[in-house]
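Some notes on the structure that comes next.
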Amino acid sequence: MKQYALFAGCTIKAALPHIEMVARKVLPLLDIELKELAFTCCPNADFRSTDEYSWLVVAARNLALAEKEGLEILSLCPGCTQTLKEANMILKDDDSLRARINKRLEKIGLIFKGTTEANHHLVILHQQIDILLQRVTIPLYGIKLAVHTGCHLLMPSRIMQFDSPEQPKKLGELVKMLGGTIIDYPEKTLCCGFGLFGSHKGTASRIIRDKVESAYLAGAEAFVVPCPSCFQQFDRNQLVAKRELKFEYQLPVFYYLQLVGLAMGFDLDEVGYYHGRVRSPELEEKIKSLVKKAVVNI
């Protein structure tokens, strides 16, 4: 079992604690030990646009905490992953800047050396698919899922180096490992629109409408995402958009590790499904029937 420093990020801690809960349940069963460190905000791109130097100091502090423990970082958020990876790359490549940052970090007993890596949990799980397959006890046969990888896990590709931004496949591969059926849909690579919701709510609502209608009409029963911001857009903001634009369809959303938990034998309540605002009684019954069939076949 390999130990990682868990980086849950602010959005999950503040708004989606059930995602952290399911991560802490599921990942140790996949030979991933999680350690809690005193991480702060990553911080995000909004912070960077205001003060890039301070953005680097805060990111370097997070990286230095993991380095001090001799651990790599496992992130639950693509945005946090992007920040930490890019800051790591910048500081490794710039001796002068790294020295300036370390003068600040020395005041709190830390130093950035560039000896750790930060990765999203999908990257790590994709590297150990054999272990994932061994832990699946209730394959999600017949569950039709629309994959949405999102933007931050894919771009900029020179930093993230996870999958093709134009034709992402790896999240779909990981869903197939759980027995799920991947539904292709025309708006698959369209941004979810979460970043626009605060400033251009109408545009963000139309994006989510187009995504939902595209996936629903293609036959999907739910979305699957690896990102807390995308999760909020497909969950809470889908209902806001539906109320304003009055479109007909709706689809619930799963964070990927929730599906892993279901495939490992946890029930809907145990993976935090009922914390979501968009529900599908038909899909819930379909998932429950998979558990009943598995019990009968034991």
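Kirkwood Rh, the chain, all Cα pairs: how many Å?
Evaluated on the chain, it is 19.9 Å.
Report Thr149's accessible area, 1.4 Å probe, all protein chains in place, as a number in Å² to the nearest 10.
About 10 Å², rounded to the nearest 10.
Among the aspartates and glutamates, which fall within straight-line cross-link reach of Lys246, defined as a Cα-Cα distance under 20 Å, with same-chain neighbours fewer than 8 residues apart omitted?
Correct list for Lys246: Glu187, Asp210, Glu213, Glu221, Asp235.
What do you reckon, how do Ser229, Ser75, Ser96 stack up by accessible area (1.4 Å probe), largest on top?
Ser96, Ser229, Ser75
Give me the one-decimal nm value for the distance between modelled label points at Leu239 and Gln128, 7 Å along each residue's Cα-to-Cβ direction.
3.6 nm
What accessible area, in Å² to the nearest ten, does a 1.4 Å probe give for Ser164?
Near enough 40 Å² of accessible area.
With each run of n ≥ 4 DSSP H residues scored as -39500 (n - 2.57), what mean residue ellipticity at 222 nm is computed for the chain after dividing by its residue count and rounding to the nearest 500 deg cm²/dmol?
-15000 deg cm²/dmol
For Glu52 and Arg100 in the same chain, what is the full-extension length gain: residue separation times 0.36 nm, less their Cα-Cα distance, in nm?
Once the chain is fully extended between Glu52 and Arg100, it gains 16.0 nm.
Report, in degrees rounded to the nearest 10, the 0 to 90 angle that the Cα long axis of helix 281-297 makes with the longest principal axis of the chain.
For 281-297 against the chain, the angle is about 90 degrees.
Considering only lysines 8 or more places apart in sequence, or on different chains, count the pairs in region 2-122 whose C-alpha atoms sit under 23 Å apart.
23
What is the distance in Å between the Cα centres of region 222-282 and region 202-218?
With region 222-282 and region 202-218 each reduced to a Cα centre, they are spaced 14 Å.
Assuming 0.36 nm per residue, please report the length gained on full extension of the stretch Lys286 to Ile108 beyond their Cα-Cα distance.
Contour length minus Cα-Cα distance gives 58.8 nm.
Taking chymotrypsin sites (Phe, Trp or Tyr not before Pro) that fall in a DSSP loop and have at most 15 other Cβ atoms within 10 Å as cut points, what is the longest piece of the chain between them?
1-140
Quote the accessible area belonging to Asp31 in square angstrom, nearest 10, computed with a 1.4 Å probe and with ligands, DNA and RNA left uncounted.
50 Å²
Can you tell me how region 32-114 classifies by the Cα gyration tensor, rounded, prolate or oblate, using a/c under 1.5 as the rounded cut?
Since a/c reaches 1.5 but b/c is at least a/b, the shape of region 32-114 is classed as oblate.
Evaluate Rg over Rh across region 128-237, taking Cα atoms for both radii and Kirkwood's formula for Rh.
Result for region 128-237 is an Rg/Rh of 0.99.
If you rank Met155, Met89 by how much accessible surface each has, with a 1.4 Å probe, what is the order from largest down?
Met155, Met89
If you average the C-alpha positions of region 50-88 and of region 153-169 separately, how far apart do those two centres end up, in angstrom?
Region 50-88 and region 153-169 have Cα centres spaced 19 Å from each other.
Mind ranking Asp235, Asp184 by accessible surface for me, highest first, 1.4 Å probe?
Putting Asp235, Asp184 in descending order of accessible area: Asp184, Asp235.
The values are calculated or read from the model by the stated rules, or taken from the named source; none is laboratory data. The shown structure was predicted, so the numbers you read here are calculated from the model rather than taken from an experiment. Methodologically, a virtual Cβ is constructed for each residue, glycine included, from the backbone with ideal geometry; neighbour enumeration extends over all protein chains shown. For accessibility, only protein heavy atoms count, side chains too; no ligands or nucleic acids. Shrake-Rupley method; radii C 1.70, N 1.55, O 1.52, S 1.80 Å.
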